[in-house]
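Engineer: Quick one: structure below, then a few questions.
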Amino acid sequence: MKILLTGCAGFIGWKTGQLLLEAGHSVTGLDNFNSYYSPALKRWRVRQLGESSPGQFRFHEGDLLDEGLLNRLFREISFDAVINLAARAGVRASIEQPAPYLETNLIAATALMQAMVRHKVGKLVTASTSAVYAGQKAPFTEAQPVDRPLSPYAASKKAAEVMAYTFHHLYGLDVSVLRYFTVYGPAGRPDMSPLKFTHCIARGLPIPLFGDGEQRRDFTYIDDIARGTIAALKPLGYEIINLGGGNEPVSINRMIAILEESLQRKAVIERQPFNPADMTLTAADIEKARLLLGWNPRTAPEEGFRRLTSWYQAEAPWLANELSLPE
Ligand SMILES: NC(=O)c1ccc[n+]([C@@H]2O[C@H](COP(=O)([O-])OP(=O)(O)OC[C@H]3O[C@@H](n4cnc5c(N)ncnc54)[C@H](O)[C@@H]3O)[C@@H](O)[C@H]2O)c1
């Protein structure tokens, strides 16, 4: 297939691109390398994609909000499908600055769907988040009402889900909306606790821990997420599907213990007040993903966190300077 992959320099975009290329698809990647976190880490990911399959991968540096660029891309290449992973992600930063979240996650995503309709590209896989389930009873199922988001990030993602439905209704766009649950692994996001804490523990820096650390997350390993994302390219009409770890949710304290063991160093904890935009528990019901996509996560947290710390140690010399972490 010929696939347009937006956000291909991002964590999930990079791994999804890798698996698509390995499966023999041709991938056109788009990313604006924004500075929400280290552009050097993003460029490293794109280099990896280019080096792995030079003939099958084309990269365009640009903004999803640039309609001219979108139209040029769609005119040049007759894509079979679009995987939209370009987004402003991160709950806490969205509270400080909501506007870029709406611009990329809703307005640019809408422009992308308009371009798809104009150029008759019928399949969209797009990323949503477990953050939309805030306040609901766990485990979270796709049928639960999610109309009370706790952060501008979650609100922007919910809005994008709804807009995608409108495009499905009006134009028959086939849409798989994937609600990812806390994704982690090698080359992950420096604003998220797994890589941030790995870095802090390895360097003896204090870990900023919000609340008592007993918040639990349904951590999902990056390769599992990328596999599920590709499986969701099949025609489905309009479906919202959870992709979650499938294990018992892991507390932040437990994650720190696994990282400490793996890095053979004790963490220095710096306690911060619980953030009201945070969730105390995320847990996915993944029956629908099993049923519709034949998807099952394969990587247990102990193994996944060990792979993250091994990657960090291998890449530490250049990476450490890049991890100026957003607060
Ligand atoms: N990582 C997680 O745990 C997680 C959990 C739930 C949902 N998600 C969702 O999955 C998707 C991918 O997340 P990620 O973790 O890979 O994030 P990421 O920040 O690593 O990747 C997003 C990429 O999109 C690019 N981008 C942002 N705005 C752009 C624009 N206007 N034009 C072009 N490129 C732009 C960024 O430069 C970045 O490389 C996002 O929609 C995110 O909300 C992620």
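Readers should treat all values here as calculations from the given coordinates under stated rules, not as data from a laboratory. As the structure is a prediction and not an experimental result, all values here were calculated from the model. We place every Cβ from the backbone using ideal geometry, glycine too, and count neighbours over all the protein chains shown.
Engineer: Among all residue pairs at least 6 apart or on different chains, which show Cβ distances below 6 Å where the first residue, located in region 1-26, is of a type in the set (D, E, K, R) and the second is part of a strand (DSSP E or B) and more than 10 Å from the ligand (Cβ to nearest atom)?
Structural biologist: Lys2/Ser26
Engineer: Okay, moving on. Do you know which of the residues in region 162-188 that are aliphatic (A, V, I, L, M) and part of a strand (DSSP E or B) is nearest to the ligand (Cβ to nearest atom)?
Structural biologist: Val183
Engineer: Listed residues Ala154, Ala159; which is hydrophobic (A, V, I, L, M, F, W, C), within 12 Å of the ligand (Cβ to nearest atom) and either farther than 20 Å from Ala134 by Cα or not in a strand (DSSP E or B) (or both)? Step through it out loud before you land on a result.
Structural biologist: On the way: Ala159 fails: within 12 Å of the ligand (Cβ to nearest atom).
Of Ala154, Ala159, the one residue that is hydrophobic (A, V, I, L, M, F, W, C), within 12 Å of the ligand (Cβ to nearest atom) and either farther than 20 Å from Ala134 by Cα or not in a strand (DSSP E or B) (or both) is Ala154.
Engineer: Looking at Leu102 and the list (1) near the ligand (Cβ under 8 Å from one of its atoms); (2) in contact with a Pro (Cβ under 8 Å, 6 or more places away or on another chain); (3) under 25 Å from His168 (Cα atoms), which single condition is not satisfied?
Structural biologist: Of (1) near the ligand (Cβ under 8 Å from one of its atoms); (2) in contact with a Pro (Cβ under 8 Å, 6 or more places away or on another chain); (3) under 25 Å from His168 (Cα atoms), only one is false for Leu102: (1).
Engineer: Turning to a different aspect of this structure: Can you work out which of the residues in region 278-293 that are of a type in the set (A, V, I, L, M) and surrounded by fewer than 18 Cβ atoms within 10 Å (Cβ to Cβ) is farthest from the chain's Cα centre (by Cα)?
Structural biologist: Among them, the one singled out is Leu291.
Engineer: Quick check on Ala138: is it within 23 Å of Trp14 (Cα to Cα) and either free of Cβ contacts under 8 Å to residues at least 60 places away in the same chain or of a type in the set (Gly, Ala, Ser) (or both)?
Structural biologist: Judged against the criteria, Ala138 is not a match.
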